[in-house]
Amino acid sequence: MKKSAQDREIEKLNKQVEKLKKEKESLQRDKRNIKGRLSTAQSNNAKYHWDLVSIRNHAAYSKTSDML
């Protein structure tokens, strides 16, 4: 049985819709992944920052206590 031009167009559009849905899901997955990596990087940055601050403070305290 032959398909009409309208039926072929509908099938074509349905395939495009499915493709776009898959791309959207992939992009959402990528976005979650990037947000997670950003969160981890920010956490590590904060940890190292505070470690550096505490080292500096300790060194500054040691210098002032040596002067006394």
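Taking the Cβ of GLN28 as the centre, find all other residues whose Cβ is under 14 Å away and add up their charges (Lys, Arg: +1; Asp, Glu: -1). Please list the in-between numbers first.
Working: positive: LYS21, LYS22, LYS24, ARG29, LYS31, ARG32, LYS35; negative: GLU23, GLU25, ASP30.
Once all neighbours under 14 Å are counted, the net charge is +4.
Would you work out what percent of the accessible area of the chain, with all protein chains in place, is carbon or sulfur (probe 1.4 Å)?
Details: 3900 of 6880 Å².
Carbon and sulfur together cover 57 percent of it.
Given the convex hull over the Cα atoms of the chain, what projected area results after averaging over all orientations, in nm²?
Details: hull surface 21.9 nm².
If I average the Cα hull's projected area over directions, I get 5.5 nm².
Charges on Cβ only, +1 for Lys and Arg, -1 for Asp and Glu, centred on the Cα centroid of the chain; of TRP50, ASN33, LEU13, which one is farthest towards the dipole's positive end?
LEU13
What's the FRET efficiency of LYS12 with LEU38 using the Cβ-Cβ distance as r and R₀ = 35 Å, to the nearest 0.05? Present the calculation step by step, with values, prior to reporting the outcome.
Values: r = 39 Å, r/R0 = 1.11.
After rounding, the FRET efficiency stands at 0.35.
Show me, for the stretch 37-50, the HN-Hα J-couplings you get by feeding each phi into the Karplus relation (A = 6.51, B = -1.76, C = 1.60, θ = phi - 60°), rounded to Hz, glycine and proline as x.
Here the 3J(HN,Hα) series is 5, 5, 4, 4, 5, 5, 5, 4, 4, 5, 4, 5, 4, 5 Hz.
Using +1 on the beta carbon of Lys and Arg, -1 on that of Asp and Glu, and nothing else charged, what's the dipole of the chain about the Cα centre, debye to 20? Don't jump to the answer; show the numbers that get you there.
Details: 17 positive and 9 negative charges, 93 e Å.
In debye, rounded to 20, the chain gives about 440.
How much length is gained on full extension from ARG56 to LYS31, taking 0.36 nm per residue of separation minus their Cα-Cα distance?
Details: separation 25, 0.36 × 25 = 9.00 nm, distance 3.69 nm.
Between ARG56 and LYS31, full extension yields an extra 5.3 nm.
Would you tally the net charge around ALA5, using a Cβ to Cβ cut-off of less than 13 Å, leaving ALA5 out, and scoring K and R as +1, D and E as -1?
Values: positive: LYS2, LYS3, ARG8, LYS12; negative: ASP7, GLU9, GLU11.
Counting the neighbours of ALA5, the net charge comes to +1.
Kindly write out, for the stretch 9-19 in residue order, the coupling ³J(HN,Hα) from the Karplus curve 6.51 cos²θ - 1.76 cosθ + 1.60 (θ = phi - 60°), rounded to whole Hz, with x marking Gly and Pro.
Using θ = phi - 60°, the values come out as 5, 4, 4, 4, 5, 5, 5, 5, 4, 4, 4 Hz.
The values are calculated or read from the model by the stated rules, or taken from the named source; none is laboratory data. Quick caveat: nothing in here was measured; it's all calculated off a predicted structure. In this analysis, Cβ positions are derived from the backbone assuming ideal geometry, glycine residues included, and neighbour counts consider all displayed protein chains. Heavy atoms of the whole protein, side chains included, go into the accessibility calculation; ligands, DNA and RNA do not. Shrake-Rupley method; radii C 1.70, N 1.55, O 1.52, S 1.80 Å.
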